Amino acid sequence: MNVTVTIPDDLYEQAESLACRQEQSRSDLYAQALKMLVHAQDAPDQPPSDPSRPEWLDWSAEEIIRNLNEYASQHDTSLDPALAEAQTRMLLENCEWE
């Protein structure tokens, strides 16, 4: 739905800057803000859901493993040879040899 609203210039500039920093559209930012305000009025004792919160933060250990395995089955997950060499060198330098 398209809506026209009037807001103070400084608030508009702050919102534009925030939308740019969060890499989201102005419409998405305003919708998110209104959703949070409505939620705060309807359920003041419950924190609002955060649409910018990554879904994977709520995954169980099993979901994490399943998703990592799925990713690994579709992508090259081998270690870069230069990184492997540097890692080996660092481990050998930090080991005490008898």
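Values in this text are rule-based calculations from the coordinates and carry no lab data. As the structure is a computational prediction, the values presented were derived from the model and not from experiment. Quick reminder, even Gly has a Cβ in these numbers, built from the backbone with ideal geometry, and neighbours come from all protein chains shown.
Where does helix 81-93 land angle-wise versus the long Cα axis of the chain, in degrees 0 to 90, nearest 10?
So the inclination is approximately 60 degrees.
With everything on Cα atoms, drop me the angle between helix 61-74 and the longest principal axis of the chain, reported from 0 to 90° to the nearest 10.
Relative to the chain, helix 61-74 is tipped by roughly 70 degrees.
Based on the mean of other beta carbon atoms within 10 Å per residue, what is the order of 72-80, 14-22, 85-93, 29-37, most packed first? Don't skip to the end; give the middle numbers.
Numbers: 72-80: 8.1, 14-22: 12.2, 85-93: 9.9, 29-37: 13.8.
Those peptides, ordered most packed to least, come out 29-37, 14-22, 85-93, 72-80.
Rounded to the nearest 500, what is the 222 nm mean residue ellipticity of the chain from helices alone, with -39500 (n - 2.57) per DSSP H run of 4+ residues and division by all residues? If you can, show how the numbers build up before the last one.
Working: 4 runs with 57 residues, N = 98.
Estimated from H runs of four or more residues: -19000 deg cm²/dmol.
Nearest 10 degrees is fine. How inclined is helix 9-21 to the longest principal axis of the chain, computing both from alpha carbons?
Once rounded, one gets 20 degrees.
Above 15 Å lies some portion of the pair distances; for the range 9-93, what is it as a whole percent of all C-alpha pairs?
Numbers: 2716 of 3570 pairs.
Value for the range 9-93 (Cα pairs over 15 Å): 76 percent.
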